[in-house]
Amino acid sequence: MKNIINYSFIVSFLLFSVFACTDLEVLPDSQLTSSNAFKNKNEFLNGLSGVYSTLGVYGDQLFKVNETSSDEAIVPARGADWKAPPLQNLHKHTWQVSNGEINGAYEALSRGIAQANIFMGVIAESDFADDSEVKIMNAEARFLRAFYYYNMLDMFGDVPIVTEPIDPSDPPSNKNTDRTDVYNFVISELETLTLELPETNDYGRVDRYAAYFLLAKTYINAEVFTGNPELDKAIENCDKLINSSYQLSDDFSSVFAWNNDNNLENIFVWRSDSQTGNWGSSYIIHNFTLNQGLQQRYGMPNAPWNGFSTIGSFYRSFSPGDLRSYIFLEGNQLGSNGEQLFDRFGDTLNFTIDYVGDIDNATQSDGVRVLKYVPGGNLSACCFLNNDFAVFRFADVLLMKAEALIRKNGPGAGDELINNVRERAFTTPQPLTNVDLDELLAERGREFAWELWRRNDLIRFGKFNDSWEYKNQSEPFRTLFPIPQQQIDANPNLEQNPGY
Amino acid sequence: MKRLVLLMFPVLLLFGTSLYGQEKTISGNVSDATESLPGVNILIKGTSTGTVTDFDGNYSLKVNEGDVLVVSYLGYATQEITVGAQDVIDISLLEDTQQLEEIVVIGYGTEKKSDATGALESIEASKINKGATTSPEMLLNGRVAGVQISPNSGQPGAEQNVRIRGVNSISASSEPLYVIDGVPIDNNRSEIAVGNDAAVNSSKLNPLSMIAPNDIESITVLKDASATAIYGSRGANGVIIIKTKSGVAGFSSVSYDSYLSLGSVSNKIDLLSADDYRSFVNSGNGNASTDWQDEIFRSAITTNHSLSFTGGGNNTQYRGSIGYLNQEGVVIGTNLETINGRLNVNQSFFEDRLKVQYNISSTRYSTDNIIEQQTGGVSGGIINNALKADPTQPVLNADGSFNEWASQVFNPVALANQVDDMTEGNRLIGSISAEYNVLEDLSIKVNLANDVDNQKRRIFQSLASAIGGPISGRAIREEAQYSNQLLETYLNYSLKFKENSLSVLGGYSWQEFDTDVTNVIATGFDSDNLGFNNINAQNQNAFALKESNRLISFFGRLNLNLGYKYLITATLRGDGSSKFGPENRWGVFPSAAFAWKIVNEGFMANQDFFTNLKLRLGYGVTGNQNIGNFRYLSTVNVNQVGGAVFGNQYVLPYSYTSIPNPNLQWEETSQFNIGLDFGIIKDKITGSIDFYNKVTDNLLLEVPAPQPSVSGVYLDNIGEMTNTGVELNLNYSALRSKEWNWDLNFNLAYNQNEIKELFNGNDITTGVISGAGAAGQSQIIRVGESIGSFYGFEFENIDGNGAEVFRDINNDDIIDDNDRVILGKALPDVVWGLNSRLAHKGFDFGILIRGQNGLSVFNNTRAEITQPSRLPGQNTNLEGAQGRQNDAYLYTSSRWIEDASFIKLDNITLGYTFNTEKLGFLKNARLYVTAQNLIIITDYLGYDPEVNINAGTSTALSYGVDYTAYPQIRSVLFGLNVSF
């Protein structure tokens, strides 16, 4: 009996050991993997949503870098608040290669490119690669990638062109490319996309006119990017848009209002909805600029951050009566019931045109604030607005064409187009005459304030290195940002831009 | 579970009864060679009937003729005596030197301490003054060389950071593996995910706080690789083995332990008083004088009751216990309450050939939490706001409502009262093991265990509160289940031939860990009436996470003992982990150790100076796999928010957020250890000294990813670091007599960490700086330096204009990034502890003093408080008030890096044990008073130099950063133990 027990123990032990489970295949339960994702056609819309969500970069990292390095925005240190040399150095044009803000922009753009690459790779390998709707989604992802590469071209110049997911152990190089290659890549992608993108699309999704716009934008900057102007091609693409159903809105502020959905002036929007999501999660420009004391006035659930303002010279470039100056919060601030507002230290809230302090030690109220996108509608969590951000808009089409005409034919050649845009800015129209490039640059500043075009404009008009408040004349090489040191550390194949 | 305990009690009690036949009463005296022995167990074999000798060694017992008496006493050989015709049986016991030896618990077994070849240390709970301990690992503090514990927070039940022999990893966790009664447990708990709003942050609950310290018999710390390699891929950070108490044959008793403690904060931070504040700010002040720290701190009361029952006969022994703990935090609104029940049963069958052991414990716990935001943000938590709040403002308005006077400073008392935040849960750990002796020398053991922790969190930020108001209230409900299932089977074979012995262990283990979390966040309430119990509000967001990982292992150990002189241990473990890709799942972890008992050599035979002298050498390879679950795999996140609206349709986004690395592998630590155990002058002095060198390579490191990629970093096996150190453990029996017993223990550990290799040699920064307007990082991980090194500018002085002056390191007359240097390190050179236990007659007196040297802490709290721009509106200290108006001081300078060396009088206990000889029913009664954390000698200016908030980045953990950390408690405790 005892032996039977013994043997049965031994036998069962050995059996157990021999057949011991060695199955280690454990897959995620709350995430998808390639084995179960994108098996249905409707999932591609989810994938596309994921790619569009990378547009959040526009209101955060790209905004900070492109705006504060220009003459329309500044982030001063307000005591301990916002005391961050990388931000102040952007305005002073003294940024270093390790500037975290610049790296943030580089990485955020890269994130968008990578998401698009993965999504397009998924489509190519799926059963739906030839489906007509999925093909449009593929084109949209490809457009977003071209848009991010356009920004790379504009900000960093020479970057590696990567069109599929990369293997971290075999990093790409930019040694065999130059800025012209990146330019050519963007142009050829966009030319293809004008055929692949649809004539119209759902609101919030790009159509072929977004590609025409970006072609026009790339061509108008061609001289900066490659040394060779392409003004006729810029005009040609502007004309495609002028002949489309996109048009100027009668009311300037409605273009940016919280209920600006389907506004025909907006060709490409970064769409935001406070309740359901916000394409990223970084719609924070209003938070950047508003003082904490203004929280109640705009019905915001969380206190804003009191950082960014504009500078005096930019504020003064607006003439009295210009309706576009609704964006400025200047002087003493009152609440919605007319009561005096205070900053968080109990001082009256009174935004000054010129700084009382300076960029390294400003007061809480220093600087005029810029609120182009006024919060409205049902606001939920901290950083979400209902306003859709106008990334490309029709007014720019007209002013780009005007610019090309002036550059080709001299001052005055763009007057009609310029006044077309300017008309709605005044109750009684105040047309400009014989507009030259300097005046056009100023007009572009008034029209596109805080829409992320200023740095690009200043460079194209040759004014980026000039001095302005809290900024001295800067070196010419600063028209390109450095390839961030963090990127060179991560990928020694990268080559630094000249001058850095 | 509680029902199960109740059901089992009657069953257990049945074992206690036995049948009586022809009875008679025998009596006698039990003694050894020199004196009578009190407290000797005498048991009738096969029953649970028995008695214990009295103070004079006498006993009497009702028996039947032919019964066999089993006489046992700790330290003596057990005797069996058959009752004959006689009525008086005097018994003489012989000392058993073998049995006297300390037995230590090791991985998959036990061994005699004297036969140990690895570096391990064990503490017996009965020999230490526990004080008001809520979590077992805290008992190691100052008692075991090489263990450093730094609390994340002083909140009751908060997580502790435990490091054995330094820090081994940069991106992965350096927490040791915990094994409770043979069950490796998982302590990872997810943090509540509420998007980018940190308003619910608070300390994570320590899963070990669910083990009642009173139930613990011993804690063993396995330190070197030869001891931990049997745990393979989880052994690199050391292993802590906790053994709970079980029943003893023939000894039945009921014990009751209780204490009451009163605690307060040990220290307050210097700030301007209301009058000082008024002298600097003359307008906009309130009329009150409020010390906001006093308003949020309180005298905290802790009560603890525990009741245990133990008993059993030769075949069955049990111990059951039930405990209750209610510990108030020193900050208002914080509390920990636990109720736990445990039942350990040992049962043997077939003449002891089959032994079955059940351990089951259930803990119900609940905590009250506060917002204890430790990083980032300007809104801050309760402590942050108490340090910020204007001292001229009253707590309450005249109408009794809370005073809120500014948009960026919240009334901390209101925050604590208006936000309801609690965690509640039940953790059940049950295991059953069966060991069968197939042959005398061959046994098979099967071990099954289940560990389930069901946790729920409830938060309601009321409409009245400053943080809930703007969003019309917020409710959060989270349900989480963390579970782990274990199946182990192993085989033990031992063989003796002449003076040599061999034992072999071989086994298989399967363990799976599951996490299952759901939470719902609702905002937009119309009233506070229903709190978090009805979440039908304007907006709701829900989230769920379920994931698992599995570890499958084969392991073996061989012990060879040659002539009582040479001991050889070899272990091998093959681990397969689902955390890694199919190509890299299996790893092999070997170790070998050799010990030489020099004292047993012939040439030592003629000396009596050394009673023990043993040299140990060991080398082994262990791993660390404390990383997330699917880092090798490309995963697609299905998110609710952040997606796009196409037309009128919101579309959930699929997004890729991490870069898979199919080549991932374990981090590997190779450790060499050489140690000497000794005992001299008849063991009056015993101790050990160990030297070790640990090399950790293939570090699991988040390295910068080449772009364009979906993430800025990816996890790879890159880099190397070393820890080199010495550990000393000395015991001195200063006095040993019938009336006096005095034992001293001194332990000391010295450790140096050095980073040897990093990705492309690039520095890594971590230690995120917090505070209004703060940015950047305080720590650098750099080749050639210790992990946890602080980095920044060297502060010299404040110049005549009030500006900070920093040292121009490179003498280029510009202070820029190139002038930054290493400013200190957060890891101590030396950690030491001194324990003294003195007993005289009924009195016992114990002291634990411990300290650390050669470490710094970044006092981020002081850096923020001292900002001159805090005035007016936010309180500051004198230094800040005297600064230039609206000025900002640099956070990244040596000005805030403080020497955090300290000496602490950690525990001092005076107890008296009553003479209960005359009271037959009362076995033992002791009253004691303990003071904890009584004195700290340190230059550190924060609440406590032992601090380590979580200021890490996604790349690297940080060490020694203090930012408004919950302060440690100082307490006085009155306790009572009685047993019947």
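Filter region B:216-230 down to residues that are small (Gly, Ala, Ser) and surrounded by 24 or more Cβ atoms within 10 Å (Cβ to Cβ) and give me whichever is farthest from the chain's Cα centre (by Cα). Per the stated criteria, the residue is B:Ser226.
Contact map, region A:266-281: residues that are more than 8 Å from chain B (Cβ to nearest Cβ) paired with residues that are at pLDDT below 80 and not in a loop (DSSP other than H, G, I, E, B), Cβ distance under 6 Å, separation 6+ or inter-chain. No pairs are found. If B:Gly46 meets every condition in (1) at pLDDT 70 or above; (2) more than 18 Å from B:Phe251 (Cβ to Cβ); (3) in a loop (DSSP other than H, G, I, E, B) apart from one, which number is that one? Of the numbered conditions (1) at pLDDT 70 or above; (2) more than 18 Å from B:Phe251 (Cβ to Cβ); (3) in a loop (DSSP other than H, G, I, E, B), the odd one out for B:Gly46 is (2). Close Cβ contacts (under 7 Å, 6 or more residues apart or on different chains) running from residues in region A:190-211 that are within 14 Å of another protein chain (Cβ to nearest Cβ) and of a type in the set (A, V, I, L, M) to residues that are crowded, with 22+ Cβ neighbours inside 10 Å and assigned to a loop (DSSP other than H, G, I, E, B) comprise A:Val206/A:Leu197.
Considering region A:349-389, and only residues there that are acidic (Asp, Glu) and within 13 Å of another protein chain (Cβ to nearest Cβ), the residue that is nearest to A:Phe147 (Cα to Cα) turns out to be A:Asp388.
Yes/no per residue for (1) surrounded by fewer than 21 Cβ atoms within 10 Å (Cβ to Cβ); (2) at pLDDT 90 or above; (3) assigned by TED's automatic domain parsing to the domain that holds B:Ser501; (4) among the basic types (Lys, Arg):
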position: B:Asn403; (1), (2), (3), (4): yes, yes, yes, no
position: B:Val409; (1), (2), (3), (4): no, no, yes, no
position: B:Leu415; (1), (2), (3), (4): no, no, yes, no
position: B:Glu435; (1), (2), (3), (4): yes, yes, yes, no
position: B:Val446; (1), (2), (3), (4): yes, yes, yes, no
position: B:Asp451; (1), (2), (3), (4): no, yes, yes, no
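Determine whether region A:414-428 contains at least one residue that is touching a Ser or Thr at 6+ places or on another chain (Cβ under 8 Å), under 24 Å from A:Lys83 (Cα atoms) and not in a loop (DSSP other than H, G, I, E, B). Checking region A:414-428: not a single residue is touching a Ser or Thr at 6+ places or on another chain (Cβ under 8 Å), under 24 Å from A:Lys83 (Cα atoms) and not in a loop (DSSP other than H, G, I, E, B). One residue stands out among those in region B:288-339 that are charged (D, E, K, R) and in a loop (DSSP other than H, G, I, E, B): the one that is surrounded by the fewest Cβ atoms within 10 Å (Cβ to Cβ), which is B:Asp291.
Kindly establish whether B:Ile360 is assigned by TED's automatic domain parsing to the domain that holds B:Asn384, under 30 Å from B:Gly883 (Cβ atoms) and crowded, with 20+ Cβ neighbours inside 10 Å. Spelling it out, it is not the case that B:Ile360 is assigned by TED's automatic domain parsing to the domain that holds B:Asn384, under 30 Å from B:Gly883 (Cβ atoms) and crowded, with 20+ Cβ neighbours inside 10 Å.
Conditions (1) under 20 Å from A:Thr363 (Cβ atoms); (2) within 11 Å of chain A (Cβ to nearest Cβ); (3) of a type in the set (Lys, Arg), marked per residue:
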position: B:Ser856; (1), (2), (3): no, no, no
position: B:Ser869; (1), (2), (3): yes, yes, no
position: B:Pro872; (1), (2), (3): yes, yes, no
position: B:Ala881; (1), (2), (3): yes, no, no
position: B:Arg884; (1), (2), (3): yes, yes, yes
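If you go through region A:228-244 and pick out every residue that is in contact (Cβ under 8 Å) with a residue 40 or more places away in the chain and in a loop (DSSP other than H, G, I, E, B), you end up with 1. Checked against (1) more than 7 Å from every other protein chain (Cβ to nearest Cβ); (2) more than 17 Å from the chain's Cα centre (by Cα); (3) closer than 26 Å to A:Asp457 by Cβ, A:Glu72 passes all but condition (2). Pairing residues of region A:323-348 that are more than 14 Å from A:Thr289 (Cβ to Cβ) and within 14 Å of chain B (Cβ to nearest Cβ) with residues that are in a helix (DSSP H, G or I) and among the aliphatic types (A, V, I, L, M), at Cβ distances under 8 Å and at least 6 apart in sequence or on separate chains, gives A:Leu341/A:Leu294.
Please count how many residues of region B:795-804 are surrounded by 14 or more Cβ atoms within 10 Å (Cβ to Cβ) and either among the aliphatic types (A, V, I, L, M) or within 14 Å of chain A (Cβ to nearest Cβ) (or both).
If we filter region B:795-804 for residues that are surrounded by 14 or more Cβ atoms within 10 Å (Cβ to Cβ), which is where we start, we get B:795-796, B:798, B:804.
With either among the aliphatic types (A, V, I, L, M) or within 14 Å of chain A (Cβ to nearest Cβ) (or both) added as a condition, the list becomes B:798, B:804.
Selection size over region B:795-804: 2.
Kindly evaluate A:Ala108 against the criterion of being of a type in the set (Gly, Ala, Ser), modelled with pLDDT of 95 or more and either touching a Leu at 6+ places or on another chain (Cβ under 7 Å) or assigned to a helix (DSSP H, G or I) (or both). So A:Ala108 does not fit the description; no. A count restricted to region B:21-35 and to residues that are of a type outside the set (Val, Ile, Thr), surrounded by fewer than 16 Cβ atoms within 10 Å (Cβ to Cβ) and either assigned by TED's automatic domain parsing to the domain that holds B:Gly312 or part of a strand (DSSP E or B) (or both) stands at 2. Would you mind stating whether B:Tyr889 is over 27 Å from B:Ala300 (Cβ atoms) and crowded, with 20+ Cβ neighbours inside 10 Å? Yes; evaluated as a whole, the condition is true for this residue. Quick one: would you say B:Phe525 is out of contact with any Pro (no Cβ under 8 Å at 6 or more places or on another chain), more than 8 Å from every other protein chain (Cβ to nearest Cβ), in a loop (DSSP other than H, G, I, E, B) and surrounded by 17 or more Cβ atoms within 10 Å (Cβ to Cβ)? For B:Phe525, the condition - out of contact with any Pro (no Cβ under 8 Å at 6 or more places or on another chain), more than 8 Å from every other protein chain (Cβ to nearest Cβ), in a loop (DSSP other than H, G, I, E, B) and surrounded by 17 or more Cβ atoms within 10 Å (Cβ to Cβ) - is met.
Please find, within region B:745-794, the residue that is surrounded by the fewest Cβ atoms within 10 Å (Cβ to Cβ) out of those that are hydroxyl-bearing (Ser, Thr, Tyr) and touching a residue at least 40 places away in the same chain (Cβ under 8 Å).
Let us first name the residues in region B:745-794 that are hydroxyl-bearing (Ser, Thr, Tyr), namely B:750, B:765-766, B:770, B:778, B:786, B:789, B:791.
Pick out the ones that are also touching a residue at least 40 places away in the same chain (Cβ under 8 Å) and you get B:750, B:765-766, B:770, B:778, B:786, B:791.
Values: B:Tyr750: 19, B:Thr765: 17, B:Thr766: 24, B:Ser770: 25, B:Ser778: 29, B:Ser786: 23, B:Tyr791: 23.
The residue in question is B:Thr765.
Counting only residues that are of a type in the set (Ser, Thr, Tyr) and either part of a strand (DSSP E or B) or touching a helix residue (DSSP H, G or I) at 6+ places or on another chain (Cβ under 9 Å) (or both), how many does region B:235-250 have?
Applying the first criterion (of a type in the set (Ser, Thr, Tyr)) to region B:235-250 yields B:244, B:246.
When the remaining residues are screened for being either part of a strand (DSSP E or B) or touching a helix residue (DSSP H, G or I) at 6+ places or on another chain (Cβ under 9 Å) (or both), the result is B:244.
Selection size over region B:235-250: 1.
For region B:88-139, a residue qualifies if it is buried (at least 20 other Cβ atoms within 10 Å of the Cβ), modelled with pLDDT under 80 and either hydroxyl-bearing (Ser, Thr, Tyr) or in a strand (DSSP E or B) (or both), and the qualifying residues are B:Thr133, B:Thr134, B:Ser135.
Every test in (1) under 29 Å from A:Asn221 (Cα atoms); (2) out of contact with any Gly (no Cβ under 8 Å at 6 or more places or on another chain); (3) of a type in the set (Lys, Arg) is passed by A:Arg369 save one, and that test is (1).
Within region B:831-847, the set of residues being in contact with a Gly (Cβ under 6 Å, 6 or more places away or on another chain) and more than 19 Å from B:Leu735 (Cβ to Cβ) comprises B:Trp832, B:Gly833.
When each of A:Phe392, A:Phe426 is tested for being surrounded by fewer than 20 Cβ atoms within 10 Å (Cβ to Cβ), under 21 Å from A:Ser254 (Cβ atoms) and more than 13 Å from every other protein chain (Cβ to nearest Cβ), the lone residue that passes is A:Phe426. Of the listed requirements (1) within 14 Å of another protein chain (Cβ to nearest Cβ); (2) of a type outside the set (A, V, I, L, M); (3) farther than 26 Å from B:Ser226 by Cα, B:Arg736 misses just one: (1). Residue selection: B:Leu567 fails the criterion of being modelled with pLDDT under 95, assigned by TED's automatic domain parsing to the domain that holds B:Gln485, under 21 Å from B:Phe497 (Cβ atoms) and surrounded by fewer than 20 Cβ atoms within 10 Å (Cβ to Cβ). Annotation note: of A:Tyr52, A:Tyr58, the sole residue that is assigned to a helix (DSSP H, G or I) and facing chain B (nearest Cβ under 8 Å) is A:Tyr52.
The values are calculated or read from the model by the stated rules, or taken from the named source; none is laboratory data. A quick note: this is a predicted structure, and the numbers were derived from the prediction, not measured. Because the Cβ atoms are built from the backbone with ideal geometry, glycine has one as well, and the counts that use them run over all protein chains shown.
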